[in-house]
Amino acid sequence: MSVEPHGPGGRPAGAAYRIAPVLGPSSPLGGPDGRHWAEAGAAERAWLGGLPRFGGHLELRCTAGGSGRIRAALLVRGAAAAPEQAAGVARALVGDALPPHVVAAPADLAEELNPLGTAPAVLDLYEIRKQLRQYRLAAPGAPRLTATVAVPLGPGGSWEPVWAELARQPVPTCLAVSLEPFALPAATIPLLGRFADVYSGLASSSTGSPVWGQARRGDPAAEAGQRFFEDALHRYQGRVFRLRMRLAAAGPIPPTLPELIADLIGGEAVHLRADAQRARAWHDFSTLGLDPLPDSHRPAGAPDTEWTELEQQLVGLVDLDEATAALRLPYEFPGRTGRLFARLPQAPAPSTPPAPGDLPPLH
(Lines give C-alpha, C1' and ligand atoms only; values in the text may rest on other atoms or scores of the structure.)
Protein backbone atom coordinates (compact mmCIF):
# COMPACT_ATOMS: atom_id res chain seq x y z
CA MET A 1 0.00 0.00 0.00
CA SER A 2 1.41 3.37 -1.02
CA VAL A 3 0.97 5.94 1.77
CA GLU A 4 1.99 9.60 1.54
CA PRO A 5 1.93 11.59 4.82
CA HIS A 6 0.73 15.16 4.39
CA GLY A 7 -0.65 18.00 6.46
CA PRO A 8 0.69 19.87 9.52
CA GLY A 9 3.30 17.83 11.35
CA GLY A 10 2.89 14.92 8.95
CA ARG A 11 0.28 13.35 11.26
CA PRO A 12 -2.44 12.58 8.72
CA ALA A 13 -1.58 9.91 6.16
CA GLY A 14 -3.45 9.26 2.95
CA ALA A 15 -3.48 6.58 0.29
CA ALA A 16 -5.41 5.73 -2.85
CA TYR A 17 -6.42 2.56 -4.67
CA ARG A 18 -7.90 2.13 -8.09
CA ILE A 19 -10.60 -0.53 -7.90
CA ALA A 20 -12.62 -2.46 -10.48
CA PRO A 21 -15.14 -5.31 -10.52
CA VAL A 22 -13.93 -8.88 -10.94
CA LEU A 23 -15.09 -10.00 -14.40
CA GLY A 24 -15.43 -13.30 -16.20
CA PRO A 25 -15.55 -16.81 -14.72
CA SER A 26 -13.61 -15.69 -11.61
CA SER A 27 -16.41 -13.32 -10.54
CA PRO A 28 -18.06 -14.49 -7.29
CA LEU A 29 -21.40 -12.98 -8.33
CA GLY A 30 -24.20 -14.84 -10.05
CA GLY A 31 -26.00 -13.96 -13.26
CA PRO A 32 -28.42 -11.09 -13.94
CA ASP A 33 -31.30 -12.57 -11.95
CA GLY A 34 -31.49 -9.91 -9.24
CA ARG A 35 -29.25 -11.66 -6.72
CA HIS A 36 -25.89 -10.21 -7.76
CA TRP A 37 -26.33 -6.79 -6.15
CA ALA A 38 -27.65 -8.37 -2.93
CA GLU A 39 -24.68 -10.74 -2.77
CA ALA A 40 -22.29 -7.83 -3.31
CA GLY A 41 -24.05 -5.80 -0.61
CA ALA A 42 -23.73 -8.61 1.94
CA ALA A 43 -19.99 -8.90 1.25
CA GLU A 44 -19.55 -5.12 1.53
CA ARG A 45 -21.47 -5.04 4.83
CA ALA A 46 -19.12 -7.64 6.28
CA TRP A 47 -16.11 -5.63 5.07
CA LEU A 48 -17.37 -2.34 6.53
CA GLY A 49 -18.27 -4.07 9.79
CA GLY A 50 -14.66 -5.19 10.21
CA LEU A 51 -13.05 -1.76 9.78
CA PRO A 52 -11.37 -0.06 12.77
CA ARG A 53 -13.70 2.15 14.78
CA PHE A 54 -11.57 5.29 15.09
CA GLY A 55 -8.76 7.31 13.56
CA GLY A 56 -9.66 8.14 9.98
CA HIS A 57 -12.08 7.69 7.13
CA LEU A 58 -12.41 6.23 3.66
CA GLU A 59 -13.96 7.63 0.51
CA LEU A 60 -15.21 5.89 -2.61
CA ARG A 61 -15.02 7.97 -5.80
CA CYS A 62 -16.71 7.03 -9.05
CA THR A 63 -15.78 9.41 -11.86
CA ALA A 64 -16.98 9.50 -15.46
CA GLY A 65 -17.32 11.97 -18.29
CA GLY A 66 -17.01 11.50 -22.01
CA SER A 67 -15.43 8.02 -22.06
CA GLY A 68 -18.53 5.99 -21.24
CA ARG A 69 -16.63 4.16 -18.48
CA ILE A 70 -16.45 4.88 -14.75
CA ARG A 71 -13.11 5.24 -12.99
CA ALA A 72 -13.47 3.93 -9.43
CA ALA A 73 -11.05 4.73 -6.62
CA LEU A 74 -10.93 4.11 -2.90
CA LEU A 75 -9.17 6.83 -0.87
CA VAL A 76 -8.27 6.50 2.80
CA ARG A 77 -7.02 8.92 5.42
CA GLY A 78 -5.65 8.02 8.84
CA ALA A 79 -4.69 10.26 11.74
CA ALA A 80 -2.37 9.50 14.65
CA ALA A 81 0.35 11.08 16.79
CA ALA A 82 3.16 9.92 14.49
CA PRO A 83 3.30 9.49 10.69
CA GLU A 84 4.04 5.76 11.00
CA GLN A 85 1.00 5.26 13.21
CA ALA A 86 -1.17 7.30 10.84
CA ALA A 87 0.00 5.14 7.94
CA GLY A 88 -1.00 2.05 9.91
CA VAL A 89 -4.47 3.50 10.50
CA ALA A 90 -4.85 4.23 6.79
CA ARG A 91 -3.86 0.66 5.91
CA ALA A 92 -6.29 -0.75 8.46
CA LEU A 93 -9.15 1.26 6.95
CA VAL A 94 -8.88 -0.74 3.75
CA GLY A 95 -8.95 -3.95 5.78
CA ASP A 96 -7.14 -7.23 5.32
CA ALA A 97 -9.08 -7.89 2.14
CA LEU A 98 -11.65 -6.06 0.05
CA PRO A 99 -14.85 -7.94 -0.84
CA PRO A 100 -14.15 -10.68 -3.41
CA HIS A 101 -16.08 -9.01 -6.24
CA VAL A 102 -13.51 -6.17 -6.57
CA VAL A 103 -9.80 -6.00 -7.32
CA ALA A 104 -7.51 -3.12 -6.36
CA ALA A 105 -4.14 -1.59 -7.23
CA PRO A 106 -2.22 1.30 -5.60
CA ALA A 107 -2.89 4.65 -7.27
CA ASP A 108 -1.60 8.21 -7.19
CA LEU A 109 -3.27 10.06 -4.32
CA ALA A 110 -3.00 13.54 -5.85
CA GLU A 111 -4.53 12.37 -9.13
CA GLU A 112 -7.46 10.70 -7.39
CA LEU A 113 -8.02 13.78 -5.22
CA ASN A 114 -8.46 15.90 -8.34
CA PRO A 115 -10.55 13.84 -10.79
CA LEU A 116 -12.09 17.05 -12.19
CA GLY A 117 -8.74 18.85 -12.45
CA THR A 118 -7.25 21.23 -9.91
CA ALA A 119 -9.26 24.23 -11.12
CA PRO A 120 -12.18 23.41 -13.44
CA ALA A 121 -13.57 26.44 -15.25
CA VAL A 122 -17.11 25.53 -14.10
CA LEU A 123 -18.04 23.66 -10.94
CA ASP A 124 -21.40 22.26 -9.88
CA LEU A 125 -21.95 20.55 -6.50
CA TYR A 126 -24.72 18.57 -4.85
CA GLU A 127 -24.87 16.90 -1.46
CA ILE A 128 -27.02 13.82 -0.94
CA ARG A 129 -28.23 13.42 2.63
CA LYS A 130 -31.08 11.90 4.57
CA GLN A 131 -34.60 13.15 4.02
CA LEU A 132 -35.72 15.68 6.62
CA ARG A 133 -39.40 15.75 7.53
CA GLN A 134 -41.02 18.48 9.61
CA TYR A 135 -44.19 18.08 11.66
CA ARG A 136 -46.07 20.99 13.20
CA LEU A 137 -46.48 20.50 16.96
CA ALA A 138 -49.96 21.17 18.30
CA ALA A 139 -49.53 20.09 21.92
CA PRO A 140 -50.11 22.96 24.42
CA GLY A 141 -46.90 24.14 26.05
CA ALA A 142 -44.63 22.57 23.43
CA PRO A 143 -41.09 24.02 23.70
CA ARG A 144 -40.82 24.32 19.90
CA LEU A 145 -43.02 24.79 16.87
CA THR A 146 -42.02 21.72 14.86
CA ALA A 147 -40.58 18.25 15.24
CA THR A 148 -37.90 17.50 12.63
CA VAL A 149 -36.89 13.91 11.91
CA ALA A 150 -34.27 12.40 9.59
CA VAL A 151 -35.44 9.32 7.69
CA PRO A 152 -32.94 6.41 7.94
CA LEU A 153 -31.35 5.33 4.66
CA GLY A 154 -32.22 2.01 3.13
CA PRO A 155 -31.12 -0.12 0.16
CA GLY A 156 -33.35 0.43 -2.81
CA GLY A 157 -32.03 -2.20 -5.21
CA SER A 158 -29.45 -2.28 -7.96
CA TRP A 159 -26.98 0.57 -8.38
CA GLU A 160 -26.59 -0.11 -12.11
CA PRO A 161 -29.10 2.59 -13.21
CA VAL A 162 -27.10 5.18 -11.23
CA TRP A 163 -23.78 4.02 -12.65
CA ALA A 164 -25.19 3.91 -16.18
CA GLU A 165 -26.46 7.49 -15.85
CA LEU A 166 -23.12 8.60 -14.39
CA ALA A 167 -21.24 6.96 -17.27
CA ARG A 168 -23.36 8.96 -19.76
CA GLN A 169 -22.34 12.36 -18.38
CA PRO A 170 -20.58 14.50 -21.03
CA VAL A 171 -18.31 16.36 -18.57
CA PRO A 172 -16.09 15.00 -15.74
CA THR A 173 -18.50 14.08 -12.93
CA CYS A 174 -17.61 12.42 -9.63
CA LEU A 175 -19.75 10.77 -6.96
CA ALA A 176 -17.79 10.78 -3.68
CA VAL A 177 -19.06 8.79 -0.68
CA SER A 178 -17.17 9.21 2.62
CA LEU A 179 -17.52 7.05 5.72
CA GLU A 180 -15.83 7.88 9.01
CA PRO A 181 -16.04 5.19 11.71
CA PHE A 182 -17.43 6.92 14.77
CA ALA A 183 -18.84 6.40 18.25
CA LEU A 184 -21.36 8.67 19.94
CA PRO A 185 -19.88 10.49 22.95
CA ALA A 186 -21.07 9.05 26.25
CA ALA A 187 -22.90 12.28 27.11
CA THR A 188 -24.96 12.06 23.90
CA ILE A 189 -26.79 8.87 24.88
CA PRO A 190 -28.74 10.35 27.81
CA LEU A 191 -29.39 13.47 25.72
CA LEU A 192 -31.13 11.33 23.10
CA GLY A 193 -33.19 9.84 25.91
CA ARG A 194 -34.19 13.26 27.19
CA PHE A 195 -35.34 14.34 23.72
CA ALA A 196 -37.38 11.14 23.45
CA ASP A 197 -38.93 11.76 26.88
CA VAL A 198 -39.92 15.34 26.00
CA TYR A 199 -41.63 14.22 22.80
CA SER A 200 -43.22 11.31 24.66
CA GLY A 201 -44.80 13.73 27.13
CA LEU A 202 -46.14 15.89 24.31
CA ALA A 203 -47.48 12.82 22.55
CA SER A 204 -49.39 11.53 25.59
CA SER A 205 -53.17 11.69 25.47
CA SER A 206 -55.21 13.14 28.35
CA THR A 207 -58.60 11.84 29.49
CA GLY A 208 -59.50 15.23 31.03
CA SER A 209 -61.80 15.84 33.99
CA PRO A 210 -65.19 14.08 34.43
CA VAL A 211 -66.67 17.50 35.25
CA TRP A 212 -64.83 19.87 32.92
CA GLY A 213 -63.97 17.45 30.13
CA GLN A 214 -61.19 18.87 27.94
CA ALA A 215 -59.81 15.48 26.93
CA ARG A 216 -56.82 15.76 24.59
CA ARG A 217 -55.54 13.21 22.11
CA GLY A 218 -51.83 12.65 21.57
CA ASP A 219 -50.03 14.95 19.16
CA PRO A 220 -49.08 13.00 15.97
CA ALA A 221 -46.15 15.37 15.37
CA ALA A 222 -44.80 14.67 18.85
CA GLU A 223 -45.24 10.95 18.22
CA ALA A 224 -43.04 11.28 15.12
CA GLY A 225 -40.36 13.03 17.19
CA GLN A 226 -40.60 10.40 19.90
CA ARG A 227 -40.18 7.55 17.40
CA PHE A 228 -37.20 9.28 15.79
CA PHE A 229 -35.24 9.78 19.00
CA GLU A 230 -36.14 6.38 20.43
CA ASP A 231 -34.93 4.78 17.21
CA ALA A 232 -31.72 6.87 17.27
CA LEU A 233 -31.12 5.87 20.90
CA HIS A 234 -30.91 2.22 19.88
CA ARG A 235 -29.66 2.49 16.29
CA TYR A 236 -26.56 4.59 16.96
CA GLN A 237 -25.11 2.92 20.05
CA GLY A 238 -23.53 0.16 17.96
CA ARG A 239 -21.39 0.31 14.81
CA VAL A 240 -21.87 3.81 13.41
CA PHE A 241 -20.28 6.12 10.85
CA ARG A 242 -20.40 9.73 9.76
CA LEU A 243 -21.53 9.88 6.15
CA ARG A 244 -20.94 12.46 3.42
CA MET A 245 -22.16 12.01 -0.15
CA ARG A 246 -21.16 14.61 -2.72
CA LEU A 247 -21.68 14.88 -6.46
CA ALA A 248 -19.26 17.23 -8.22
CA ALA A 249 -18.90 18.05 -11.91
CA ALA A 250 -16.84 20.31 -14.16
CA GLY A 251 -20.07 21.58 -15.70
CA PRO A 252 -23.79 21.68 -14.93
CA ILE A 253 -25.19 18.51 -13.34
CA PRO A 254 -28.61 17.47 -14.66
CA PRO A 255 -30.93 17.25 -11.63
CA THR A 256 -32.01 13.76 -12.69
CA LEU A 257 -28.64 12.30 -11.62
CA PRO A 258 -28.57 13.44 -7.95
CA GLU A 259 -32.29 12.69 -7.69
CA LEU A 260 -31.69 9.16 -8.99
CA ILE A 261 -29.01 8.58 -6.34
CA ALA A 262 -31.16 10.05 -3.57
CA ASP A 263 -34.19 7.99 -4.57
CA LEU A 264 -32.15 4.78 -4.57
CA ILE A 265 -31.11 5.14 -0.92
CA GLY A 266 -34.17 7.00 0.36
CA GLY A 267 -32.30 10.29 0.73
CA GLU A 268 -32.55 13.82 -0.61
CA ALA A 269 -30.37 15.83 -3.01
CA VAL A 270 -29.37 19.37 -1.99
CA HIS A 271 -27.93 21.75 -4.60
CA LEU A 272 -25.04 23.74 -3.10
CA ARG A 273 -25.53 27.21 -4.58
CA ALA A 274 -24.19 29.57 -1.90
CA ASP A 275 -20.51 30.42 -2.41
CA ALA A 276 -19.62 29.72 1.24
CA GLN A 277 -21.07 26.21 1.10
CA ARG A 278 -19.50 25.50 -2.27
CA ALA A 279 -16.09 26.79 -1.20
CA ARG A 280 -16.05 24.56 1.87
CA ALA A 281 -17.38 21.54 -0.04
CA TRP A 282 -14.83 22.02 -2.85
CA HIS A 283 -11.96 22.35 -0.38
CA ASP A 284 -13.04 19.14 1.36
CA PHE A 285 -13.39 17.38 -1.99
CA SER A 286 -9.81 18.37 -2.90
CA THR A 287 -8.28 17.43 0.46
CA LEU A 288 -10.36 14.51 1.81
CA GLY A 289 -11.79 16.87 4.41
CA LEU A 290 -15.06 16.31 6.25
CA ASP A 291 -16.04 19.78 7.47
CA PRO A 292 -19.71 19.99 8.41
CA LEU A 293 -22.06 21.86 6.09
CA PRO A 294 -24.71 23.15 8.50
CA ASP A 295 -26.82 24.89 5.85
CA SER A 296 -27.17 21.82 3.63
CA HIS A 297 -28.16 19.69 6.63
CA ARG A 298 -30.69 22.21 7.90
CA PRO A 299 -34.39 21.85 7.09
CA ALA A 300 -35.91 24.76 5.21
CA GLY A 301 -37.31 27.45 7.50
CA ALA A 302 -36.18 25.86 10.79
CA PRO A 303 -35.49 28.56 13.44
CA ASP A 304 -32.04 28.59 15.04
CA THR A 305 -33.53 27.59 18.39
CA GLU A 306 -35.18 24.51 16.87
CA TRP A 307 -32.23 23.04 15.02
CA THR A 308 -29.71 21.85 17.59
CA GLU A 309 -26.21 20.50 17.09
CA LEU A 310 -27.46 17.07 18.12
CA GLU A 311 -30.13 16.99 15.42
CA GLN A 312 -27.63 18.20 12.82
CA GLN A 313 -25.25 15.42 13.83
CA LEU A 314 -27.98 12.80 13.49
CA VAL A 315 -28.58 13.81 9.84
CA GLY A 316 -25.06 12.66 8.93
CA LEU A 317 -24.91 9.63 11.24
CA VAL A 318 -25.56 6.13 9.86
CA ASP A 319 -25.47 2.61 11.23
CA LEU A 320 -23.88 -0.32 9.40
CA ASP A 321 -26.96 -1.07 7.30
CA GLU A 322 -27.31 2.58 6.23
CA ALA A 323 -23.58 2.76 5.47
CA THR A 324 -23.85 -0.30 3.23
CA ALA A 325 -26.78 1.28 1.40
CA ALA A 326 -24.81 4.47 0.69
CA LEU A 327 -21.33 3.15 -0.15
CA ARG A 328 -21.56 0.51 -2.88
CA LEU A 329 -18.37 -0.79 -4.43
CA PRO A 330 -18.36 -1.52 -8.17
CA TYR A 331 -19.88 -4.83 -9.23
CA GLU A 332 -20.66 -6.37 -12.59
CA PHE A 333 -22.04 -9.83 -13.27
CA PRO A 334 -20.71 -12.20 -15.96
CA GLY A 335 -22.38 -12.00 -19.32
CA ARG A 336 -23.49 -8.37 -19.33
CA THR A 337 -23.40 -6.78 -22.77
CA GLY A 338 -21.22 -3.78 -21.86
CA ARG A 339 -18.86 -2.87 -19.03
CA LEU A 340 -19.58 0.18 -16.89
CA PHE A 341 -16.25 0.37 -15.05
CA ALA A 342 -12.74 0.91 -16.38
CA ARG A 343 -10.14 -1.76 -15.82
CA LEU A 344 -7.20 -1.24 -13.48
CA PRO A 345 -4.11 0.55 -14.81
CA GLN A 346 -0.99 -1.47 -15.46
CA ALA A 347 1.16 0.47 -12.98
CA PRO A 348 0.52 3.38 -10.58
CA ALA A 349 2.19 6.76 -10.97
CA PRO A 350 4.36 8.16 -8.13
CA SER A 351 2.42 9.81 -5.34
CA THR A 352 2.63 13.57 -4.68
CA PRO A 353 0.86 15.80 -2.14
CA PRO A 354 -2.46 17.27 -3.32
CA ALA A 355 -2.81 20.91 -4.36
CA PRO A 356 -6.43 22.11 -4.05
CA GLY A 357 -7.56 24.50 -6.74
CA ASP A 358 -9.48 27.76 -6.43
CA LEU A 359 -13.25 27.72 -6.43
CA PRO A 360 -14.62 28.16 -9.97
CA PRO A 361 -17.83 30.07 -10.65
CA LEU A 362 -21.19 28.30 -10.65
CA HIS A 363 -22.79 28.63 -14.09
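The values are calculated or read from the model by the stated rules, or taken from the named source; none is laboratory data. Computed from a prediction, not measured in an experiment: that's the story for all the values here. For neighbour counting, all protein chains shown are included, and Cβ atoms are generated from backbone atoms with ideal geometry for every residue, glycine included. We work out accessible area using only protein heavy atoms, side chains counted, and drop any ligands, DNA or RNA first. Shrake-Rupley method; radii C 1.70, N 1.55, O 1.52, S 1.80 Å.
Could you compute the net charge surrounding Ala302? Neighbours are other residues with a C-beta less than 14 Å from the C-beta of Ala302; K and R count +1, D and E count -1. Here the count lands on -1. Stretching His283 away from His234 to a fully extended chain increases their span by 14.2 nm, per 0.36 nm per residue minus the current alpha-carbon distance.
Placing pseudo-labels 7 Å out from each Cα toward the beta carbon at Val151 and Arg273 gives an inter-label distance of 2.3 nm. In this simple spin-label model, placing a label point 7 Å from the Cα along the Cα-to-Cβ direction at both Arg133 and Asp197 gives a separation of 2.7 nm. Seen through its C-alpha gyration tensor, with square-root eigenvalues sorted a ≥ b ≥ c, the range 93-243 comes out prolate because a/c lies at 1.5 or above while a/b is bigger than b/c.
Counted by Cβ distance under 12 Å from Ile128, the other residues give a net charge of 0, where Lys and Arg count +1 and Asp and Glu count -1. As a calculated quantity, the FRET efficiency between Ala92 and Glu259 at R0 = 51 Å, using C-beta atoms, amounts to about 0.90. Close amide H pairs (under 5 Å, H built 1.01 Å from N) link Val103 with Ala20, Val22, residues at least 5 positions away or on another chain. Here the simple spin-label model places points 7 Å from the Cα toward Cβ, and for Ala302 and Ser205 these points are separated by 3.0 nm. Ranking Arg133, Arg328, Arg168, Arg298 by solvent-accessible area of protein heavy atoms (1.4 Å probe, all protein chains present), from largest to smallest, gives Arg168, Arg133, Arg298, Arg328.
Take Glu112, Glu39, Glu309 and sort them by solvent-accessible surface of the protein heavy atoms, 1.4 Å probe, largest at the top.
These residues rank, largest area first, as Glu309, Glu39, Glu112.
Want the number for Asp295 to Ala186: 0.36 nm per residue separation, take away the alpha-carbon distance, what's left?
Extra length from Asp295 to Ala186 when fully extended: 36.6 nm.
Of the trypsin sites (Lys or Arg not before Pro) found in the range 43-113, those in coil by DSSP whose Cβ has at most 10 other Cβ atoms within 10 Å are Arg53.
Phi angles across the range 308-319 convert, under the Karplus curve 6.51 cos²θ - 1.76 cosθ + 1.60 with θ = phi - 60°, into 3J(HN,Hα) values of 7, 4, 5, 5, 4, 5, 5, 5, x, 9, 9, 8 Hz, Gly and Pro given as x. Summing Lys and Arg as +1 and Asp and Glu as -1 over all other residues whose Cβ lies under 12 Å from the Cβ of Arg235 gives a net charge of -3. Among the protein heavy atoms, those of Ser286 account for about 0 Å² of accessible surface (1.4 Å probe, every chain in place).
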